[in-house]
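Have a look at the structure below, then the notes.
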Amino acid sequence: MSSTHPLAMTPAGVVKMAEVRNGPNAWFDAKKSATPGGPPYDDGMEARLSVVEQAIVRIDATLPNLATKADIKDSVSSTERWMVATVIGLFIGFGGLFMAMSNALKPNAPQAQQAPIIINVPGPAPAK
């Protein structure tokens, strides 16, 4: 490949932008003038196209597994229902905790003194 090519291939097959010196079409203009009547590309074009075709195949294989709008909407609505149920449960739980703690911390009212319980035991039975 030429070092002035605007799209240089890296070893991993990733295309990246390289430095273009005389404008964006300088490389193509140079190729057109170098090969009159021929196609304006170099020998590495087939390799680059095969990399692009492989990427398209990977993308086409991945597309059916991606989430659709309906999938995302169902997921969001399900998440919203769980969040609302969790908030309601927390309010009920903390309300119950508040009631239990407020009853436990109330001062006890003074209780009236109970009358003592008197048990009368009968004496020994008289002798006959």
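Which order do the peptides 110-123, 60-73 take when ranked by the mean count of other beta-carbon atoms within 10 Å per residue, highest first?
Most protected by this proxy first, the peptides run 60-73, 110-123.
Convert each backbone phi in the range 109-124 into a coupling constant with the Karplus relation 6.51 cos²θ - 1.76 cosθ + 1.60 (shift: θ = phi - 60°), then list the ³J(HN,Hα) values in order as whole Hz, x for Gly and Pro.
Karplus-based 3J(HN,Hα) across the range 109-124 equals 5, x, 8, 5, 5, 6, 5, x, 8, 10, 10, 8, 9, x, x, x Hz.
Every number in this text was worked out from the coordinates using simple rules, so none of it is lab data. Computed from a predicted model, the values in this text were never measured in an experiment. Using ideal geometry, Cβ is built from the backbone for each residue, glycine included, and neighbour counts are taken over all protein chains shown.
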